[in-house]
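Structure record follows, encoded as structure tokens.
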Amino acid sequence: MGVRWRRVYEVCGGDWKKEGNAWIPGVYAYHISLACNHCEDPICMDACPNKAIVKKENGVVLIDYDRCMGCKYCEWTCPYGALQFDPEKRVMTKCTLCADYLEDGKAPSCVAACPMRVLHYGDLEDLEAKHGKYNEGFPLPKEKYTKPALVITPHRDAPKAQDILLQIANKEEVKK
Ligand code: SF4
Ligand code: SF4
């Protein structure tokens, strides 16, 4: 599968419960589409010994391929699995938020391609005003670690499902 800057996690869990003669479903399943969150406090940037990761004025976090020496320190720190090592180019890579498209006033490719219009982009404050501030929940880490520039509208069952044993159903697809 190679380098995958965006991966879709399939989360599932729960069980059926018997009440009298009836079986009541208590199962949950939802998807989270995840790439680099261009964090406000990018832990990957702090980890890079060669200052190859920079956060631009517009908030986009980019890797300077001329400075990257492929040591993978950053990969170990990102709690979102966003960093993907390119074994052919021998450099670390990740979602650039299609920075070149943004400069031309165009939407990032993932936003343009999603047939269900699930993905949006823009100024974080505007997105939060429209969609709220939820950006945690399994399998995401606590927001405090990197302050991700991310807003999620959770599936109606996702907050309820946090109390039960959840697992990633497609580990092979989303592994680093
Ligand atoms: S999601 Fe990971 S790679 Fe992207 S800015 Fe945050 S810590 Fe860095
Ligand atoms: S792999 Fe590249 S970007 Fe990551 S820590 Fe090493 S030099 Fe920095």
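The values are calculated or read from the model by the stated rules, or taken from the named source; none is laboratory data. What you see is a predicted model, and the numbers here were worked out from it, not measured in a lab. Methodologically, a virtual Cβ is constructed for each residue, glycine included, from the backbone with ideal geometry; neighbour enumeration extends over all protein chains shown. Just so you know, the surface numbers come from the protein's heavy atoms only, side chains and all, with ligands and any DNA or RNA stripped out. Shrake-Rupley method; radii C 1.70, N 1.55, O 1.52, S 1.80 Å.
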*asked:* Quick check on this structure: which one of Cys114, Cys95 is within 16 Å of ligand 2 (Cβ to nearest atom) and within 25 Å of Asn170 (Cβ to Cβ)?
replied: Cys95
*Pairs, please: C-beta under 8 Å, at least 6 apart or cross-chain, first residue on the phi > 0 side of the Ramachandran plot and modelled with pLDDT under 95 and in the stretch 73-98, second more than 12 Å from ligand 2 (Cβ to nearest atom) and among the acidic types (Asp, Glu)?*
none
*Within the stretch 121-142, how many residues turn out to be within 12 Å of the chain's Cα centre (by Cα) and of a type in the set (Asp, Glu)?*
1
*Across the stretch 103-143, what is the total count of residues that are more than 18 Å from Cys36 (Cβ to Cβ), of a type outside the set (Asp, Glu) and not in a loop (DSSP other than H, G, I, E, B)?*
3
*Tell me, which residue of the stretch 21-50 that is more than 13 Å from ligand 1 (Cβ to nearest atom) and open to solvent by 60 Å² or more (accessible area, probe 1.4 Å) is nearest to the chain's Cα centre (by Cα)?*
His31
*Only one of (1) open to solvent by less than 40 Å² (accessible area, probe 1.4 Å); (2) without any contact (Cβ under 8 Å) to a residue 60 or more places away in the chain fails for Arg156. Which number is that?*
(1)
*With the condition kept exactly as written, say whether any residue in the stretch 51-65 is more than 30 Å from Lys160 (Cβ to Cβ), open to solvent by 20 Å² or more (accessible area, probe 1.4 Å) and in contact with an Asp or Glu (Cβ under 7 Å, 6 or more places away or on another chain).*
yes
*Give me a count of the residues in the stretch 21-68 that are within 16 Å of ligand 2 (Cβ to nearest atom) and among the hydroxyl-bearing types (Ser, Thr, Tyr).*
1
*Do we find a residue being in contact (Cβ under 8 Å) with a residue 40 or more places away in the chain, in a loop (DSSP other than H, G, I, E, B) and not hydrophobic (A, V, I, L, M, F, W, C) anywhere in the stretch 164-171?*
yes
*asked:* Restricting to the stretch 81-102, and then to whatever is more than 18 Å from the chain's Cα centre (by Cα) and not in a loop (DSSP other than H, G, I, E, B), can you tell me which residue is surrounded by the fewest Cβ atoms within 10 Å (Cβ to Cβ)?
replied: Asp100
